[in-house]
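Only one structure is covered here, and it is reproduced in the block below.
Every read-out reported here was derived from the displayed coordinates using simple, explicitly stated rules and does not represent laboratory data. From a predicted model like this one, the values you see are computed outputs, not experimental measurements. Using ideal geometry, Cβ is built from the backbone for each residue, glycine included, and neighbour counts are taken over all protein chains shown.
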Amino acid sequence: MILKKWLLPVYRRVVGATKHKYPFVFEELKGLGEVFIPLVNVGLWFESEKEYLDFQFIVDTGATASILPSFIAGQLSFNLKDLPEVEMAGVEGTGIKSWLAKIKMRLDDWEFEAPCFFVDNPNVPFLLGRAGVLDPEFSLLVDSRKKELLLKEN
Amino acid sequence: MIMEKQVITSYAYQKRVVKRYGEGFFAIYKKAGRVAGWGEDIKKLWVVLEEKNVDFKKVVIARLPTGRWRYQT
């Protein structure tokens, strides 16, 4: 904690922040042609395994916080009954039941805790949202010239 | 600078994999890009990976198709 608070900023100023680059992945959509998907690998802490397992997330600056399907909560050692229930709304306007938790994440060797919604919809994609991730942990650059996504540790 | 290799390389890759296995969760080897296991949901994938003794550190778990091949907000 002390290292993170005091020494790391000094180290960053001297050596420079670590940058994580992810090449664009494209999908083809009718009427739009090829559209890129901002995919990044994020490790989630599995209490049962006592280690981080990598998952592919879509970076979503429109999402308030990161989103996971609720059925994964049990594997991350969360009991939905113990978590605060909130309502989440998408562009369609209808609310969906979700639960708020704080989960341990990792990007390469950079570990952090971020709030996350477990959404009551098994088809919801794994989304990396703003709260706790894009602010304050990382800065995001979508470099469409180099066709890559860049996450820089703050 | 850390350059991450994307395990899902393209739309063509997604199509090929989904055509072979079906939609769902995949464990893909980070280095080779090969599919280590597949399951309709994460629980089924878990069972498959444990049966196969797959090293969890060597794979990344992804849901395919990634964008579900439809317009999303």
task = Take the alpha carbon atoms of the range B:5-65, find their center, do the same for the range A:104-128, and report the distance between the two centers in whole angstrom.
result = 18
query = Reachable aspartates and glutamates from A:Lys21, Cα under 19 Å, same-chain residues fewer than 8 places away excluded?
reply = A:Asp54, A:Asp60, A:Asp108, A:Asp109, A:Glu111, A:Asp135, A:Glu137, A:Asp143, A:Glu148, A:Glu153, B:Glu4
task = Give the order of A:Leu141, A:Leu127, A:Leu150, A:Leu107 when sorted by the count of other beta carbons within 10 angstrom, beginning with the fewest.
result = A:Leu141, A:Leu150, A:Leu127, A:Leu107
